[in-house]
Structure formats: structure tokens, C-alpha cells
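Read the structure below first, then the notes.
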Amino acid sequence: MFAPRHDPGGAAQSGSASGAIRVFIIDDSSVVRAIFSRLVESEPGLELAGTAGSAEEALAQLGVLQVHVVLLDLEMPGMGGMRALPEIIRRSGLARVMVVSSLTGEGAEHTVQALALGAADALLKPGAGGFDRAYRDRLVERIRSLGRRPLLRADDGADAARPPLVRRLQSPVRPEVLAIGASTGGIHATGQLLAALPPVIGIPIIITQHLPSEFSEPYARQLRDLCGREVELAANGQVLRSDCIHLAPGNAHLTVQRRAEQVVIRLDRRPADSGCMPSVDPMFASLAEVYGAKALGIVLTGMGRDGTEGARTLVEAGGNMLVQNEASSAVWGMPGSIARAGLAAAILHPRDLALRIAASLGRG
């Protein structure tokens, strides 16, 4: 849903003793469990860790199994997937949860809520006749991407990449705009970052999250509830305002331009080199042109390398780039690409990124 392109080198491979990615399936339909189980068992590098027909049954198993990826249906009798999600994440340790549910189609609110609670990704469960090769390939790609990560704790303070990554010196220039780019797992990570920021930072916040159009409004509402800031879906000519979050719609890149004494939004629908819509690259490139050294860019978890070229442009203009660390990322593709390119001034957990942002604004 949130990753148009897959980055095979986005993170280190994790797995069981055999090197396989272990998958656990939670769905009340025995037919769906059987289909997904056969798919996992037929794919090299994947291994079926177990199945459950209810959240209650899953919770009883997850504490004693090694699991890397959980496929979760939201709509089930009893406790249900949504209510059980936080406990599923806790009991499965470092596993990444992908919601695969019919609710991910019409129930955009449910999907965004699940992603905000910590689900890493979401994919629509196919209807009758919809489980074709294209869907199977998409599902397997998502599972592999979520499973390719080191088994480290998100709060261990260690950056997982070896050898150590080169970090740039952070410019002391006070930023006048904060821009955040994210993809897979980004809704949860963005929530962590925004919740840790001071209530007033005195500069505009713009966000590009890889997200289909039908999820834009529910996500905007989720952000309002989470951080208490004003949130606006980006529109042409909209003036950037301090402490307002301007959110890219699902069908256009969010870019900015200077108009007299104001900075306004310009939506751009031209294809981006990354293949993403919206893309982080055009956002950063436009910030480099308008703000130069006074732009602060953040890239959080996500597949692929969208944002790298834009980050390069922003850094060359004197701006700063900070990225999420590997241990706390659902997929360390986007932030990892920027880190490996030597463009990041810091590689931190989202909550620590918030502290660094506050310090750069003199509000730490």
C-alpha cells in the first residue's frame, strides 16, 4: 500500500536459524489461512511459523514462537484484530504486523488506526477470484521487505548498519521549516516523533507519507487527534503557517514556492523518478530552492530510496537531514539509503529525532 518500489538492499536479512523469514497468520477464515499458508510454504526464504483463527488463539501462541512477520485480519469474532493489535505486537517481540483485511478497502479509518497503533503495513484482502499471481507477488514482496531487518531492540541505542555510517556535521542554522517523509511503518513513526515535539515549535511542518488518496482525510484526522496541531491537506496556493501540519494528498507531490513575502504550496502531479506518488524527492528539492540552509528534512521508515536525491539537493543547499535508525524502522530502505549516502547529520529513534529538532529550534 505504501511502498510503490521495493529496495532489495534496504536492510539486513533476518530470519530463523535456517535464515528464513517466519510468518504467522491470523484470520478467522480457514480458507484464507490455507491459501496464505500454502503461499508462504511455497516461497523460498519464507517459513510458516503458525496460524490462528482468532486473536485470542494467536496471543496464546505468539509468546513462545519466533516470528518475523504477522499477517493480521482486523474483522474477527471475539477480541478482533484491532483490539488485539498492541498485545500482538508486544507478544511477538520484534515481528512486523501487516494488516490483511477487507476493512483495509472501505474502512480507511480502521486501517489508519491500525497503522497508528503500530502495524507496519496494510494490504487489501482480495475478493473472490482476486488471489491472482500479481496479488501473490505483491504480498510476498511486502513480507520479504518487512522480514529483512536485524533482530535488535528499538531502544538499544545502537545503529544496526555495519560498518559505521558517515554522518555529516549538522549546520547550526535555525530551521524555518520542518519536512518529514515516510512510507512503510511511517504513520506510527511520525506519530512518535510528533508526540515528542514541544506543543509549539514556531515553524510550519510539511509531511509526505506514501498513502493512497482515500486514506488522506482519515490520516489528517488521526494527526489532529494525536498532536493537537492544526492539520490541512495540502492544496495549491495554501500558505505555510507556523505550527500547522500540511499533509501531501495521495495524488500529488507537495512542493513549495515563494510568493512575495509568503511561502505557498504547489501541488505537482508529474511522475517522479522514484515512481512514488506522492514523492519525498520533489518536496525536499523545492525546500532546498526556497529555504536553502534554513530547511530541516526528516526521513522515517519506508521501502525503497525515495527522498535520497531530494535530500542530496537539500544538503547541497546547506540544509540538514536527519533519519530514523534501523532498529526502530519497519523497513530501513528510505532512511538507510540517505544514511549510506553520507547525507544524514543524525540517525536516531523518532523520539530522539524530536529532541534533536527541538534543540535546533532552541526549544529543547
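Going from the fewest other Cβ atoms within 10 Å to the most, the residues Val290, Val40, Val323 appear in the order Val290, Val40, Val323.
Springs between Cα atoms under 10 Å define the GNM used for the chain, and in it the highest mean-square fluctuation of Leu343, Leu233, Leu314 occurs at Leu233.
In the list (1) 35, 21, 18; (2) 31, 25, 22; (3) 28, 24, 21, the label attached to semi-axes √(5λ) of the Cα gyration tensor in Å as derived from the coordinates here is (1).
Springs join every pair of Cα atoms under 10 Å in this Gaussian network model of the chain, and among Arg142, Arg96, Arg258 the largest mean-square fluctuation is at Arg258. Working note: Karplus 6.51/-1.76/1.60 with θ = phi - 60° gives segment 184-189 the couplings 4, x, x, 5, 5, 5 Hz, where Gly and Pro are set to x.
Reported to the nearest whole Å, the Cα centre-to-centre distance from segment 173-210 to segment 264-313 is 14.
Would you look at the GNM of the chain, springs on alpha carbons closer than 10 Å, and say which of Gly78, Gly307, Gly185 moves the most? Greatest mean-square fluctuation among the candidates belongs to Gly78.
Rounded to the nearest angstrom and listed largest first, the equivalent-ellipsoid semi-axes of segment 21-147 from its Cα gyration tensor are 19, 17, 14.
When peptides 218-226, 262-270, 348-356 are sorted by average Cβ neighbour count within 10 Å, with the highest value leading, the order is 348-356, 218-226, 262-270.
A short reminder: the numbers here are calculations on the coordinates, not readings from a lab. Here the structure is a predicted model, which is why all the values come from computation and not from measurement. Here the Cβ is made from the backbone with ideal geometry for all residues, glycine too, and neighbour counts use every protein chain on show.
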